[in-house]
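> Here's a structure for you.
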Amino acid sequence: MVPVLSRQQRNDEDSNRPRLTRSAEARLEEAVGLARAIDLEPVHTAIVTVNDPRPATLLGSGKVEELAGIVGETHADLVIVDHPLTPVQQRNLEKETKAKVLDRTGLILEIFGRRARTKEGTLQVELAHLNYQKGRLVRSWTHLERQRGGAGFLGGPGETQIESDRRALQEKIIKLKRELETVRRTRDLHRAKRKKVPFPVVAIVGYTNAGKSTLFNRLTGAGVLAEDMLFATLDPTLRRVRLPHGTPIILSDTVGFISDLPTHLIAAFRATLEEVVEADLIIHLRDISDPDTAAQAEDVEHILVDLGVDAADSKRIVEVWNKIDRLDEGNRERLLAESASGKPPAPPVAISAITGEGIDALAALIEERLSGELEPVNVTLSPSQLGMVDWLYRNGDIVKRTDNEDGSVSISMKATAVARDEIESRLRRKNNG
(Lines give C-alpha, C1' and ligand atoms only; values in the text may rest on other atoms or scores of the structure.)
Protein backbone atom coordinates (compact mmCIF):
# COMPACT_ATOMS: atom_id res chain seq x y z
CA MET A 1 0.00 0.00 0.00
CA VAL A 2 1.50 3.25 -1.14
CA PRO A 3 0.54 6.89 -0.62
CA VAL A 4 1.84 8.95 -3.54
CA LEU A 5 2.58 12.65 -3.13
CA SER A 6 3.26 14.86 -6.14
CA ARG A 7 4.87 18.22 -5.51
CA GLN A 8 3.41 20.99 -7.68
CA GLN A 9 6.32 22.66 -9.45
CA ARG A 10 6.62 26.39 -8.75
CA ASN A 11 10.15 27.32 -9.72
CA ASP A 12 9.54 28.58 -13.25
CA GLU A 13 12.85 30.43 -13.21
CA ASP A 14 14.80 27.16 -13.39
CA SER A 15 16.48 27.49 -16.76
CA ASN A 16 17.13 23.74 -16.97
CA ARG A 17 13.45 22.89 -17.10
CA PRO A 18 11.49 22.77 -20.36
CA ARG A 19 9.32 25.71 -21.29
CA LEU A 20 6.22 23.52 -21.37
CA THR A 21 5.25 22.12 -17.98
CA ARG A 22 2.60 19.58 -17.11
CA SER A 23 -0.32 20.17 -14.84
CA ALA A 24 0.01 18.90 -11.29
CA GLU A 25 -2.74 16.37 -12.06
CA ALA A 26 -0.79 14.97 -15.01
CA ARG A 27 2.39 14.65 -12.93
CA LEU A 28 0.46 12.83 -10.22
CA GLU A 29 -1.05 10.46 -12.79
CA GLU A 30 2.44 9.69 -14.10
CA ALA A 31 3.73 9.05 -10.57
CA VAL A 32 0.86 6.61 -9.97
CA GLY A 33 1.73 4.91 -13.28
CA LEU A 34 5.35 4.55 -12.16
CA ALA A 35 4.22 2.95 -8.91
CA ARG A 36 1.92 0.52 -10.70
CA ALA A 37 4.71 -0.40 -13.12
CA ILE A 38 6.23 -2.45 -10.29
CA ASP A 39 2.92 -3.78 -8.96
CA LEU A 40 2.47 -1.22 -6.17
CA GLU A 41 -1.12 -0.26 -5.44
CA PRO A 42 -1.61 3.34 -4.23
CA VAL A 43 -4.08 3.67 -1.36
CA HIS A 44 -3.94 7.46 -1.18
CA THR A 45 -2.75 10.13 -3.61
CA ALA A 46 -2.44 13.87 -3.12
CA ILE A 47 -1.03 16.98 -4.76
CA VAL A 48 1.03 19.01 -2.32
CA THR A 49 1.95 22.61 -3.11
CA VAL A 50 5.35 23.45 -1.62
CA ASN A 51 6.14 27.16 -1.73
CA ASP A 52 8.81 27.01 0.97
CA PRO A 53 10.73 23.69 0.88
CA ARG A 54 11.96 22.64 4.33
CA PRO A 55 15.60 21.44 4.45
CA ALA A 56 14.72 18.77 7.01
CA THR A 57 11.58 17.24 5.45
CA LEU A 58 10.76 19.16 2.22
CA LEU A 59 7.16 19.40 3.47
CA GLY A 60 5.90 21.59 6.29
CA SER A 61 5.41 20.12 9.76
CA GLY A 62 1.61 20.11 9.43
CA LYS A 63 1.73 18.21 6.13
CA VAL A 64 4.23 15.71 7.57
CA GLU A 65 1.93 15.11 10.53
CA GLU A 66 -1.03 14.67 8.17
CA LEU A 67 0.97 12.20 6.07
CA ALA A 68 1.94 10.20 9.15
CA GLY A 69 -1.74 9.98 10.04
CA ILE A 70 -2.66 8.70 6.57
CA VAL A 71 0.10 6.07 6.74
CA GLY A 72 -1.20 4.93 10.12
CA GLU A 73 -4.83 4.76 8.99
CA THR A 74 -4.11 2.88 5.76
CA HIS A 75 -1.34 0.67 7.22
CA ALA A 76 0.79 1.67 4.22
CA ASP A 77 4.26 0.17 3.87
CA LEU A 78 5.72 2.77 1.51
CA VAL A 79 5.43 6.50 0.79
CA ILE A 80 6.39 7.80 -2.67
CA VAL A 81 7.29 11.47 -3.07
CA ASP A 82 7.40 12.45 -6.76
CA HIS A 83 10.32 14.82 -6.23
CA PRO A 84 14.03 14.44 -5.43
CA LEU A 85 14.70 14.09 -1.71
CA THR A 86 18.00 14.69 0.05
CA PRO A 87 19.27 11.87 2.27
CA VAL A 88 18.33 13.92 5.36
CA GLN A 89 14.81 14.58 4.08
CA GLN A 90 14.31 10.91 3.26
CA ARG A 91 15.49 9.72 6.68
CA ASN A 92 13.42 12.31 8.55
CA LEU A 93 10.26 11.48 6.61
CA GLU A 94 10.81 7.78 7.30
CA LYS A 95 11.24 8.54 10.99
CA GLU A 96 8.07 10.64 11.14
CA THR A 97 5.84 8.34 9.05
CA LYS A 98 7.34 5.07 10.31
CA ALA A 99 7.32 3.82 6.72
CA LYS A 100 9.82 3.39 3.90
CA VAL A 101 10.08 6.54 1.72
CA LEU A 102 11.06 6.61 -1.97
CA ASP A 103 11.61 9.73 -4.05
CA ARG A 104 11.22 9.92 -7.85
CA THR A 105 14.81 8.82 -8.49
CA GLY A 106 14.53 5.83 -6.16
CA LEU A 107 11.24 4.76 -7.74
CA ILE A 108 12.65 4.89 -11.28
CA LEU A 109 15.66 2.89 -10.10
CA GLU A 110 13.37 0.23 -8.64
CA ILE A 111 11.51 -0.01 -11.97
CA PHE A 112 14.76 -0.24 -13.91
CA GLY A 113 15.95 -2.97 -11.55
CA ARG A 114 12.79 -4.96 -12.23
CA ARG A 115 12.96 -4.49 -16.03
CA ALA A 116 16.67 -5.19 -16.69
CA ARG A 117 17.14 -8.54 -18.43
CA THR A 118 20.61 -8.56 -20.01
CA LYS A 119 23.90 -8.53 -18.16
CA GLU A 120 24.60 -5.02 -19.43
CA GLY A 121 21.24 -3.70 -18.26
CA THR A 122 21.66 -5.30 -14.84
CA LEU A 123 25.14 -3.79 -14.43
CA GLN A 124 23.91 -0.35 -15.48
CA VAL A 125 21.03 -0.40 -13.03
CA GLU A 126 23.21 -1.67 -10.19
CA LEU A 127 25.80 1.06 -10.81
CA ALA A 128 23.14 3.77 -10.86
CA HIS A 129 21.57 2.35 -7.70
CA LEU A 130 24.88 2.28 -5.81
CA ASN A 131 25.68 5.85 -6.84
CA TYR A 132 22.24 6.84 -5.56
CA GLN A 133 22.79 5.02 -2.26
CA LYS A 134 26.31 6.36 -1.84
CA GLY A 135 25.20 9.55 -0.10
CA ARG A 136 22.41 7.86 1.79
CA LEU A 137 23.60 4.54 3.18
CA VAL A 138 20.05 3.75 4.18
CA ARG A 139 20.51 0.06 3.56
CA SER A 140 21.74 -2.24 6.25
CA TRP A 141 25.18 -3.80 6.42
CA THR A 142 23.63 -7.23 5.93
CA HIS A 143 22.20 -6.11 2.56
CA LEU A 144 25.63 -5.03 1.33
CA GLU A 145 27.15 -8.24 2.61
CA ARG A 146 24.52 -10.29 0.82
CA GLN A 147 24.97 -8.33 -2.40
CA ARG A 148 28.75 -8.87 -2.44
CA GLY A 149 28.70 -12.48 -1.32
CA GLY A 150 30.03 -11.78 2.18
CA ALA A 151 33.74 -11.75 1.30
CA GLY A 152 36.45 -9.18 1.94
CA PHE A 153 34.64 -6.89 4.36
CA LEU A 154 36.95 -6.76 7.36
CA GLY A 155 37.79 -3.11 7.98
CA GLY A 156 40.94 -1.73 9.55
CA PRO A 157 41.35 -1.10 13.29
CA GLY A 158 38.98 1.53 14.59
CA GLU A 159 36.93 1.69 11.38
CA THR A 160 33.33 2.64 12.09
CA GLN A 161 30.37 0.85 10.51
CA ILE A 162 29.46 3.86 8.34
CA GLU A 163 33.04 4.11 7.04
CA SER A 164 33.08 0.39 6.31
CA ASP A 165 29.75 0.63 4.47
CA ARG A 166 30.99 3.56 2.41
CA ARG A 167 34.21 1.76 1.51
CA ALA A 168 32.28 -1.36 0.45
CA LEU A 169 30.02 0.75 -1.76
CA GLN A 170 32.97 2.47 -3.41
CA GLU A 171 34.72 -0.85 -4.08
CA LYS A 172 31.54 -2.23 -5.64
CA ILE A 173 31.15 0.87 -7.82
CA ILE A 174 34.74 0.56 -9.08
CA LYS A 175 34.19 -3.12 -9.88
CA LEU A 176 30.96 -2.41 -11.78
CA LYS A 177 32.59 0.37 -13.80
CA ARG A 178 35.30 -2.07 -14.88
CA GLU A 179 32.72 -4.65 -15.93
CA LEU A 180 30.75 -2.02 -17.84
CA GLU A 181 33.92 -0.86 -19.58
CA THR A 182 34.34 -4.43 -20.84
CA VAL A 183 30.74 -4.36 -22.08
CA ARG A 184 31.38 -0.99 -23.74
CA ARG A 185 34.41 -2.37 -25.60
CA THR A 186 32.36 -5.35 -26.78
CA ARG A 187 29.59 -3.00 -27.98
CA ASP A 188 32.18 -0.86 -29.78
CA LEU A 189 33.49 -3.98 -31.55
CA HIS A 190 29.98 -4.91 -32.65
CA ARG A 191 29.41 -1.37 -33.87
CA ALA A 192 32.69 -1.45 -35.81
CA LYS A 193 31.65 -4.73 -37.47
CA ARG A 194 28.33 -3.19 -38.49
CA LYS A 195 30.15 -0.25 -40.05
CA LYS A 196 32.21 -2.66 -42.19
CA VAL A 197 28.91 -3.89 -43.59
CA PRO A 198 27.48 -0.41 -43.97
CA PHE A 199 23.87 -0.89 -42.94
CA PRO A 200 22.42 2.41 -41.71
CA VAL A 201 21.20 2.42 -38.09
CA VAL A 202 17.73 3.77 -37.29
CA ALA A 203 17.02 4.39 -33.58
CA ILE A 204 13.53 4.75 -32.08
CA VAL A 205 13.39 7.20 -29.17
CA GLY A 206 10.48 8.65 -27.26
CA TYR A 207 8.87 9.25 -23.92
CA THR A 208 8.19 6.09 -21.96
CA ASN A 209 4.98 4.37 -23.06
CA ALA A 210 4.92 6.19 -26.42
CA GLY A 211 4.73 2.80 -28.18
CA LYS A 212 8.37 2.29 -29.21
CA SER A 213 8.40 -1.47 -28.70
CA THR A 214 5.05 -1.87 -30.48
CA LEU A 215 6.44 0.06 -33.48
CA PHE A 216 9.65 -1.98 -33.32
CA ASN A 217 7.62 -5.20 -33.42
CA ARG A 218 5.49 -3.89 -36.27
CA LEU A 219 8.52 -3.02 -38.42
CA THR A 220 10.59 -6.10 -37.61
CA GLY A 221 8.13 -8.84 -36.72
CA ALA A 222 10.06 -9.32 -33.46
CA GLY A 223 8.44 -10.29 -30.19
CA VAL A 224 9.76 -7.56 -27.90
CA LEU A 225 7.67 -7.05 -24.74
CA ALA A 226 5.18 -4.25 -25.45
CA GLU A 227 2.70 -3.45 -22.69
CA ASP A 228 0.70 -0.39 -21.75
CA MET A 229 2.90 0.55 -18.80
CA LEU A 230 5.79 2.87 -18.07
CA PHE A 231 9.22 1.35 -18.86
CA ALA A 232 7.76 -1.93 -20.16
CA THR A 233 11.16 -2.64 -21.73
CA LEU A 234 14.60 -1.47 -20.66
CA ASP A 235 17.34 -3.32 -22.51
CA PRO A 236 18.10 -2.14 -26.06
CA THR A 237 17.18 -4.43 -28.94
CA LEU A 238 18.63 -4.37 -32.46
CA ARG A 239 17.22 -6.14 -35.51
CA ARG A 240 18.10 -6.16 -39.22
CA VAL A 241 15.18 -5.00 -41.35
CA ARG A 242 14.73 -4.77 -45.12
CA LEU A 243 12.63 -1.78 -46.15
CA PRO A 244 9.98 -2.05 -48.92
CA HIS A 245 12.38 -1.25 -51.77
CA GLY A 246 15.22 -3.38 -50.51
CA THR A 247 17.25 -1.01 -48.32
CA PRO A 248 18.68 -3.00 -45.38
CA ILE A 249 18.83 -1.20 -42.02
CA ILE A 250 19.57 -1.96 -38.36
CA LEU A 251 16.60 -0.89 -36.24
CA SER A 252 17.29 -0.08 -32.58
CA ASP A 253 14.70 0.09 -29.79
CA THR A 254 15.89 2.10 -26.78
CA VAL A 255 14.91 2.70 -23.16
CA GLY A 256 12.06 5.17 -22.77
CA PHE A 257 12.81 8.73 -21.70
CA ILE A 258 11.00 10.51 -18.88
CA SER A 259 10.93 13.97 -17.36
CA ASP A 260 13.45 14.68 -14.59
CA LEU A 261 15.44 11.56 -15.52
CA PRO A 262 18.24 11.41 -12.92
CA THR A 263 21.60 12.49 -14.35
CA HIS A 264 23.44 9.47 -12.96
CA LEU A 265 20.90 7.23 -14.71
CA ILE A 266 21.70 8.92 -18.03
CA ALA A 267 25.40 8.46 -17.24
CA ALA A 268 24.93 4.77 -16.37
CA PHE A 269 23.02 4.12 -19.60
CA ARG A 270 25.32 6.19 -21.81
CA ALA A 271 26.82 3.04 -23.40
CA THR A 272 23.33 1.90 -24.38
CA LEU A 273 22.26 5.36 -25.52
CA GLU A 274 25.33 5.61 -27.74
CA GLU A 275 23.25 3.62 -30.24
CA VAL A 276 21.13 6.78 -30.48
CA VAL A 277 24.14 9.08 -30.77
CA GLU A 278 25.63 6.93 -33.55
CA ALA A 279 22.35 6.42 -35.43
CA ASP A 280 22.04 7.59 -39.03
CA LEU A 281 18.36 8.38 -38.51
CA ILE A 282 16.35 8.92 -35.32
CA ILE A 283 12.62 8.30 -35.09
CA HIS A 284 11.16 10.53 -32.37
CA LEU A 285 7.95 8.69 -31.48
CA ARG A 286 5.23 10.68 -29.72
CA ASP A 287 2.01 9.49 -28.10
CA ILE A 288 -0.15 12.07 -29.85
CA SER A 289 -3.21 10.98 -27.84
CA ASP A 290 -1.63 12.10 -24.56
CA PRO A 291 -2.73 15.59 -23.45
CA ASP A 292 0.89 16.28 -22.39
CA THR A 293 2.45 15.17 -25.69
CA ALA A 294 4.06 18.58 -26.33
CA ALA A 295 5.72 18.66 -22.90
CA GLN A 296 6.85 15.05 -23.33
CA ALA A 297 8.38 15.93 -26.71
CA GLU A 298 10.41 18.71 -25.09
CA ASP A 299 11.63 16.32 -22.38
CA VAL A 300 12.87 13.94 -25.09
CA GLU A 301 14.55 16.79 -26.97
CA HIS A 302 16.33 17.95 -23.80
CA ILE A 303 17.75 14.46 -23.20
CA LEU A 304 18.85 14.20 -26.85
CA VAL A 305 20.70 17.49 -26.43
CA ASP A 306 22.32 16.13 -23.23
CA LEU A 307 23.55 13.18 -25.32
CA GLY A 308 25.07 15.53 -27.89
CA VAL A 309 22.35 15.11 -30.54
CA ASP A 310 21.04 18.19 -32.36
CA ALA A 311 17.32 17.92 -31.60
CA ALA A 312 16.56 20.49 -34.32
CA ASP A 313 18.26 18.48 -37.09
CA SER A 314 15.21 17.84 -39.29
CA LYS A 315 17.26 15.83 -41.80
CA ARG A 316 18.31 13.31 -39.16
CA ILE A 317 15.24 13.23 -36.91
CA VAL A 318 11.80 12.08 -38.10
CA GLU A 319 8.88 13.00 -35.85
CA VAL A 320 6.21 10.31 -35.73
CA TRP A 321 2.78 10.77 -34.16
CA ASN A 322 1.63 7.44 -32.72
CA LYS A 323 -1.69 6.17 -31.29
CA ILE A 324 -3.95 8.03 -33.72
CA ASP A 325 -6.38 5.12 -33.24
CA ARG A 326 -7.10 6.49 -29.75
CA LEU A 327 -8.31 9.86 -31.04
CA ASP A 328 -11.91 10.79 -31.70
CA GLU A 329 -12.84 11.28 -35.34
CA GLY A 330 -12.54 15.07 -35.29
CA ASN A 331 -9.07 15.18 -33.72
CA ARG A 332 -7.92 12.29 -35.85
CA GLU A 333 -8.88 13.99 -39.12
CA ARG A 334 -7.30 17.25 -37.96
CA LEU A 335 -3.98 15.59 -37.11
CA LEU A 336 -3.92 13.59 -40.35
CA ALA A 337 -4.45 16.84 -42.27
CA GLU A 338 -1.67 18.50 -40.24
CA SER A 339 0.67 15.62 -41.00
CA ALA A 340 -0.14 15.65 -44.72
CA SER A 341 0.39 19.41 -45.01
CA GLY A 342 3.66 19.48 -43.07
CA LYS A 343 6.51 21.36 -44.68
CA PRO A 344 9.47 19.40 -46.09
CA PRO A 345 12.00 18.12 -45.29
CA ALA A 346 10.46 16.97 -42.01
CA PRO A 347 6.68 16.59 -42.06
CA PRO A 348 5.49 14.46 -39.13
CA VAL A 349 4.11 11.01 -39.93
CA ALA A 350 0.83 9.98 -38.28
CA ILE A 351 0.59 6.27 -37.47
CA SER A 352 -0.95 3.65 -35.26
CA ALA A 353 1.67 1.07 -34.38
CA ILE A 354 -1.02 -1.18 -32.91
CA THR A 355 -3.28 -1.26 -36.03
CA GLY A 356 -0.60 -0.71 -38.68
CA GLU A 357 -2.13 2.47 -40.10
CA GLY A 358 0.53 4.74 -41.61
CA ILE A 359 3.34 2.17 -41.24
CA ASP A 360 3.87 1.87 -45.00
CA ALA A 361 4.21 5.64 -45.29
CA LEU A 362 6.71 5.68 -42.41
CA ALA A 363 8.80 2.87 -43.93
CA ALA A 364 8.81 4.71 -47.27
CA LEU A 365 9.94 7.94 -45.60
CA ILE A 366 12.74 6.16 -43.71
CA GLU A 367 13.93 4.61 -46.96
CA GLU A 368 13.76 7.94 -48.80
CA ARG A 369 15.80 9.65 -46.06
CA LEU A 370 18.47 6.95 -46.15
CA SER A 371 18.60 6.07 -49.86
CA GLY A 372 17.13 9.08 -51.63
CA GLU A 373 13.95 9.38 -53.65
CA LEU A 374 12.89 6.64 -56.06
CA GLU A 375 14.37 7.12 -59.52
CA PRO A 376 13.50 5.50 -62.86
CA VAL A 377 15.47 2.37 -63.77
CA ASN A 378 15.16 0.43 -67.02
CA VAL A 379 16.36 -3.18 -67.10
CA THR A 380 16.39 -5.79 -69.86
CA LEU A 381 16.96 -9.34 -68.68
CA SER A 382 18.14 -12.11 -70.97
CA PRO A 383 16.53 -15.56 -70.63
CA SER A 384 19.42 -16.64 -68.37
CA GLN A 385 18.81 -13.68 -66.06
CA LEU A 386 15.07 -14.18 -65.52
CA GLY A 387 15.73 -15.41 -61.99
CA MET A 388 16.12 -11.72 -61.06
CA VAL A 389 12.51 -10.85 -61.93
CA ASP A 390 11.16 -11.82 -58.52
CA TRP A 391 13.91 -9.79 -56.80
CA LEU A 392 13.03 -6.71 -58.91
CA TYR A 393 9.37 -6.97 -57.94
CA ARG A 394 10.33 -7.16 -54.27
CA ASN A 395 12.79 -4.26 -54.36
CA GLY A 396 11.18 -1.69 -56.63
CA ASP A 397 7.92 -0.32 -58.00
CA ILE A 398 7.31 -1.93 -61.40
CA VAL A 399 5.87 0.59 -63.87
CA LYS A 400 5.84 -1.57 -67.00
CA ARG A 401 6.88 -5.09 -68.02
CA THR A 402 7.35 -6.25 -71.62
CA ASP A 403 7.94 -9.91 -72.50
CA ASN A 404 9.98 -9.90 -75.72
CA GLU A 405 9.84 -12.47 -78.53
CA ASP A 406 13.45 -13.58 -77.94
CA GLY A 407 12.55 -14.64 -74.38
CA SER A 408 14.04 -11.56 -72.71
CA VAL A 409 12.06 -9.29 -70.42
CA SER A 410 12.20 -5.47 -70.37
CA ILE A 411 11.18 -3.83 -67.11
CA SER A 412 10.64 -0.14 -66.35
CA MET A 413 10.62 0.50 -62.62
CA LYS A 414 11.29 2.99 -59.85
CA ALA A 415 13.95 2.08 -57.29
CA THR A 416 16.24 3.62 -54.70
CA ALA A 417 19.86 4.36 -55.46
CA VAL A 418 20.80 1.40 -53.24
CA ALA A 419 18.53 -0.93 -55.22
CA ARG A 420 19.82 0.46 -58.53
CA ASP A 421 23.43 -0.24 -57.49
CA GLU A 422 22.43 -3.75 -56.40
CA ILE A 423 20.73 -4.37 -59.78
CA GLU A 424 23.86 -3.30 -61.64
CA SER A 425 26.02 -5.49 -59.39
CA ARG A 426 23.78 -8.55 -59.89
CA LEU A 427 23.74 -8.06 -63.66
CA ARG A 428 27.53 -7.84 -63.76
CA ARG A 429 27.84 -11.04 -61.77
CA LYS A 430 25.36 -12.78 -64.10
CA ASN A 431 27.24 -11.58 -67.19
CA ASN A 432 30.62 -12.56 -65.75
CA GLY A 433 29.32 -15.90 -64.61
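> Give the distance, in whole Å, between the Cα centre of the stretch 71-142 and the Cα centre of the stretch 357-433.
Cα centres, the stretch 71-142 to the stretch 357-433: 57 Å.
> So what are the ³J(HN,Hα) numbers for the stretch 99-108, from phi and the Karplus equation (6.51, -1.76, 1.60; θ = phi - 60°), rounded to whole Hz, Gly and Pro as x?
8, 5, 10, 10, 8, 4, 4, x, 5, 4
> Compute the FRET efficiency between Asn404 and Arg429 as 1/(1 + (r/R0)^6), taking r as their Cβ-Cβ distance and R0 = 30 Å, and round to the nearest 0.05.
0.85
> Across the stretch 60-74, in residue order, what do the Karplus-derived ³J(HN,Hα) couplings come to in whole Hz, using 6.51 cos²θ - 1.76 cosθ + 1.60 with θ = phi - 60° and x for Gly and Pro?
Running phi through 6.51 cos²θ - 1.76 cosθ + 1.60 with θ = phi - 60° gives x, 4, x, 5, 5, 5, 5, 5, 4, x, 5, 4, x, 5, 8 Hz.
> Follow-up question, since we're still on this one. Could you rank the peptides 54-60, 375-381 by their average count of other C-beta atoms within 10 Å per residue, with the highest value first?
Sorting 54-60, 375-381 by mean packing, highest first, produces 54-60, 375-381.
> If you don't mind, there's one more thing I want to ask. At a Förster distance of 35 Å, what's the computed FRET efficiency of Gln385 paired with Arg239, Cβ-Cβ distance as r, to 0.05?
The formula returns an efficiency of 0.65 here.
> When the chain is fully extended, how far beyond the present Cα-Cα distance does Ile38 get from Arg136, taking 0.36 nm per residue of separation?
Additional length available on full extension: 33.0 nm.
> Report, to the nearest whole %, how much of the accessible area of the stretch 301-393 belongs to carbon and sulfur atoms, 1.4 Å probe, protein only.
It is 51 percent, rounded to a whole number.
> Which cross-chain or sequence-distant (5 or more) residues have an amide H under 5 Å from the amide H of Phe257, H modelled 1.01 Å from N in plane?
Here the answer is Gly206, Tyr207, Thr208, since their amide H atoms fall under 5 Å of that of Phe257.
> For the stretch 351-359, just list the computed ³J(HN,Hα) in residue order, Karplus coefficients 6.51, -1.76 and 1.60, θ = phi - 60°, integers in Hz, with x standing in for Gly and Pro.
Running phi through 6.51 cos²θ - 1.76 cosθ + 1.60 with θ = phi - 60° gives 9, 10, 5, 7, 9, x, 5, x, 5 Hz.
> Still on this structure: Can you give me the distance in nm between label points at Asp188 and Lys98, each placed 7 Å from the Cα along the Cα-to-Cβ direction?
Label-label distance for Asp188 and Lys98, simple model: 5.5 nm.
> Run the reach check for Lys400 against aspartates and glutamates, Cα to Cα strictly under 15 Å, same-chain hits fewer than 8 apart removed. What comes back?
Within the straight-line cut-off, Lys400 pairs with Glu375, Asp390.
> Now for a separate question. Would you mind telling me the antiparallel percentage of the DSSP bridges in the stretch 287-433, rounded to 5? Walk me through the numbers on the way to the answer.
Working: 13 of 16 bridges.
Percent antiparallel among DSSP bridges in the stretch 287-433 is about 80.
> For Val305 paired with Thr74, estimate the spin-label separation in nm (one decimal), with each label point 7 Å from Cα along the Cα-to-Cβ line.
3.6
> What aspartates and glutamates sit close enough to Lys100 to cross-link, taking a C-alpha to C-alpha distance under 18 Å and skipping anything fewer than 8 places away on the same chain?
Asp39, Glu41, Glu65, Glu66, Glu73, Asp77, Asp82, Glu110
> Here's something else I'd like to know. Long-range amide H contacts for Ile283: which residues qualify at under 5 Å (H placed 1.01 Å from N, peptide plane, sequence gap of 5 or more or a different chain)?
Ala203, Ile204, Val205, Val318
> Need one number: nm distance between label points at Arg178 and Tyr393, each 7 Å from Cα along Cα→Cβ, rounded to one decimal.
It is 6.0 nm.
> Over 24 Å between C-alpha atoms is what I'm after, so list which of Lys98/Lys172; Lys119/Lys175; Lys119/Lys193; Lys177/Lys315; Lys63/Lys95 land there.
Lys98/Lys172; Lys177/Lys315
> Between Thr122 and Arg166, what length comes free when the chain is fully extended (0.36 nm per residue of separation minus the Cα-Cα distance, one decimal in nm)?
Separation in residues times 0.36 nm, less the Cα-Cα distance, equals 13.7 nm.
> Quick one: which residues, 5 or more positions from Val349 or on another chain, have an amide H under 5 Å from its amide H? H modelled 1.01 Å from N in the peptide plane, none for Pro or chain starts.
Correct list: Glu319, Val320, Trp321.
The values are calculated or read from the model by the stated rules, or taken from the named source; none is laboratory data. Predicted model only: the values in this text are computed from it and were never measured. FYI the Cβ positions are ideal-geometry reconstructions off the backbone, even for glycines, and counts take in every protein chain you see. Calculation scope for accessible area: heavy atoms of the full protein, side chains included, ligands and nucleic acids excluded. Shrake-Rupley method; radii C 1.70, N 1.55, O 1.52, S 1.80 Å.
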